[in-house]
1. Test residue 125 against the stated conditions and say whether it is among the basic types (Lys, Arg), at pLDDT 80 or above and open to solvent by 40 Å² or more (accessible area, probe 1.4 Å).
2. Considering only the range 92-118, state which residues are within 23 Å of residue 455 (Cβ to Cβ), open to solvent by less than 30 Å² (accessible area, probe 1.4 Å) and not charged (D, E, K, R).
3. For the range 255-292, what are the residues that are among the hydroxyl-bearing types (Ser, Thr, Tyr) and in contact (Cβ under 8 Å) with a residue 12 or more places away in the chain?
4. Name, by its number, the condition in (1) closer than 29 Å to residue 506 by Cα; (2) in contact with a strand residue (DSSP E or B) (Cβ under 9 Å, 6 or more places away or on another chain); (3) at pLDDT below 85 that does not hold for residue 84.
5. Do you know which residues across the range 244-274 are within 22 Å of the chain's Cα centre (by Cα) and of a type in the set (D, E, K, R)?
6. Could you list, ordered by first residue, the pairs with Cβ atoms under 9 Å in which the first is in the range 497-510 and over 19 Å from residue 465 (Cα atoms) and in a loop (DSSP other than H, G, I, E, B) and the second is open to solvent by 30 Å² or more (accessible area, probe 1.4 Å) and polar (S, T, N, Q), at least 6 apart or interchain?
7. Suppose we keep only residues that are small (Gly, Ala, Ser) and modelled with pLDDT under 90 within the range 227-254. Which one would you say is surrounded by the most Cβ atoms within 10 Å (Cβ to Cβ)?
8. Here's a check for you: in the range 492-518, which residue that is open to solvent by less than 20 Å² (accessible area, probe 1.4 Å) and not hydrophobic (A, V, I, L, M, F, W, C) is nearest to residue 337 (Cα to Cα)?
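The values are calculated or read from the model by the stated rules, or taken from the named source; none is laboratory data. Bear in mind that the values here come from a model prediction, so they are computed numbers and not experimental data. With ideal geometry, Cβ positions are generated from the backbone for all residues, glycine too; neighbour counts draw on all protein chains shown. Side chains are part of the model used for accessible areas, which takes the heavy atoms of the whole protein and leaves out ligands, DNA and RNA. Shrake-Rupley method; radii C 1.70, N 1.55, O 1.52, S 1.80 Å.
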Amino acid sequence: MLLSDLPSEILEQIFALLDPLAIVKHRQISKQFLGLISSSVDLTLRIELASDGLLLRSRDLFLHYRSPSAQELLRHLLATRTAWRRLEPLQIWSIDAPNNERLAFEICDGAWGRTALRHGPDLFRAIEYLELAPSSDHTVALAGDEVSRLHPWRKPPEDLGMVIADFSFMPSQDLQVLLEATGESSRRMHLLTISTHKKHPRASLPFFDIVGSRPRHVEGCEILLFEDRVAMVFLRWARRLRENGGVMVWDWKEGTLLMPYSNVIDAAFLTRDHMLLIKDWDDDGHVNLGLYNLLDQKATHILELPLAQTVRSSIIIAHPSHHYGYKSPAQTTGAFRADKDLEILLLEIRLTGPDSGIIHIVVSISKVLDICKSLSKGDDVEDDSPLFVKWRNWGMDATRWFSADKIFRASVRCTYGSKMIAFATDDVYDDPESILATSGNQMPPTLTPNLLVVLDFNPRSLIRYPDDEVGEKSRSVVFRSPSLWKGVNGGRKVVSRLPFRATISNEPWDYPNVYLDSTGLIARKDDSYDLFSFLPPENDDVVQHDFRFRTHMLDLSSSSRNIDRLPNELLELTLLNLDVVTVVKSRKVAKRFRNLIDNSIEIQLRIELSVDGLILESRRGWDAFSLVSRFRATRDALSALVPFQKISLGYPAFSKFAFEIQDGYWCRTGDATGDARFRKLDYLNLDLQGVPQDCDELEHRKIEPSGFGNFHSTFSDLGFNMCDLTFAPGCDLQLLLEAPLDNK
């Protein structure tokens, strides 16, 4: 049987489970597949997201209020893509922030946290959290308009009761990590909730104490947060020549130390279990990168940096963890997330000596990890030292070097996904090739305003849109050729060739700093922030775009048309995502389908439940086979009116008491104070005993009253008289109707 013989609904579900790039390849197989994929908005959405370096989160999870259709998401995606390529924000608003130069901030999951209540030059006592989106009930602002906006989600600043030196946060986990200044050479890192400022329930320890040998050890400290990992980087902004800082890493949920104090210049998370370190490994003044495995707690690779000069300072700039955005109260970025295979980071190096200047090096995270994985030592090698990887074996294809006198980072939060924002001098618009690195003695210009440049290192977009473009407010240039950096006085020559697209504004941006997030920019002024969103407003009629995908753009492995080549696991997973009626009809498609459905306990469980008008709510630790057996036994018992268990409860004069049944629990009253009045309640689980494995014998058991879950298990005096009640155990809610004795 051929794959093309399957019903269109099943084919679409199969394609939806594939990698988006594989979906593109399947369009070339037949006209049937081409028509099916082209006509499916859901599949088209996945393809378009992959083209922009994004992935689709589950639409059932990321919104608290409603789940948008694929058509809505596709419309927003195409409008956002066009706005980014033209550098034309679709929404603009401002936030007052006087004297903001000394304030700290952080961006994560579509939310912005900024400090308040200053307590000295670099200390504070409060944090304000707000969503990076205007309210949907306001008119969209045009460029230059002065409007004030309310934000859909905001946590006003509250006095934290401590003096804070730095912070990081993750709204999707209701987590804020606060660095308390407890002394000149000591810090305490607190793990609190954003909502209540109490100890986070998932943190095994409320805080970590950090003590330095001298005050400078805690100067310039910064918190790095990535999923369930938290790092403390020392001397990040206060490092002097030939003075190393340090880094420590913990698992904040388990409270375990994953990386003890290590002398480094800087560090950044690549993944949950890997960190990138920049360090003078041989104490000779020359630095290299290192890959550190947090699970094995050791450095596995040293990556050569081809610099003959000593390094005065260096910093690694990466975006905070953003992989749980669908759980964030800030919903603007809940639908999409950056594809981790396309993420980048920025390495900024300041040299000393004859080549003094700044180099900006963009690094592809996935390429570095793939290269290190391919060059790993075998398991039989007993040498525990890190593997040294020469520059030519990793650097040329995984990096791109830039000239700091022409282009320089826009802020310390200038990367997200595959994008980076930077400032450029006025002549770059007419001469884009000048942004590529050429020599070492380069320093950023100090004059503002400057042009804004968006660098996108997404190779899929370069294949999709291979040509340069010129618009009204910007121009876009594609760079594929290698670039050459060379040091003066006979220094090394370095070739880098990571391809990218540069979109350059033709108007200056008069801001000292611009910060990047997934859907917009935050531009800082002396007394306010201007926020530029590339998301279309709600209810905005965006012009429909031609989203036909070029099928020749990708070189992927070929696919077979024979259904026998598809694994059973994929078919079973597809069928589990279909409605039960379609699954039953699929038994007639082929003998293999019939055998797969009949032999799959998971599918049989859903069919059996559907026959009785039920759905699977929660397994509660039961496997599918046990659930099917227990459900069939329960169904037969109900049909024959023969219970498996009989439970007797002592309850005298029950006619004077009230009761209620909800979700498998029974609530009964006690301590009657008069006609239809009572003061006590007791909750019972009606499924305490469960169905026994031997279903042939009737059991008669008498038990004492017992409670369930976190509810009280015995009669408890409520302190007032009631005449009626109802309850919802799933919400831990009870509604009680009080009845005073005077009947008023």
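1. Details: among the basic types (Lys, Arg): yes; at pLDDT 80 or above: yes; open to solvent by 40 Å² or more (accessible area, probe 1.4 Å): yes.
Spelling it out, residue 125 is indeed among the basic types (Lys, Arg), at pLDDT 80 or above and open to solvent by 40 Å² or more (accessible area, probe 1.4 Å).
2. 92, 107, 108, 110, 112
3. 261, 262, 271, 292
4. Checking residue 84 against (1) closer than 29 Å to residue 506 by Cα; (2) in contact with a strand residue (DSSP E or B) (Cβ under 9 Å, 6 or more places away or on another chain); (3) at pLDDT below 85, the one that fails is (3).
5. 251, 253, 254, 272, 273
6. Cβ pairs passing all conditions: 510/448.
7. Just the residues of the range 227-254 that are small (Gly, Ala, Ser), to begin with: 231, 238, 245-246.
Still in the list and also modelled with pLDDT under 90: 238, 245-246.
Values: 238: 15, 245: 25, 246: 19.
The selected residue is 245.
8. The selected residue is 517.
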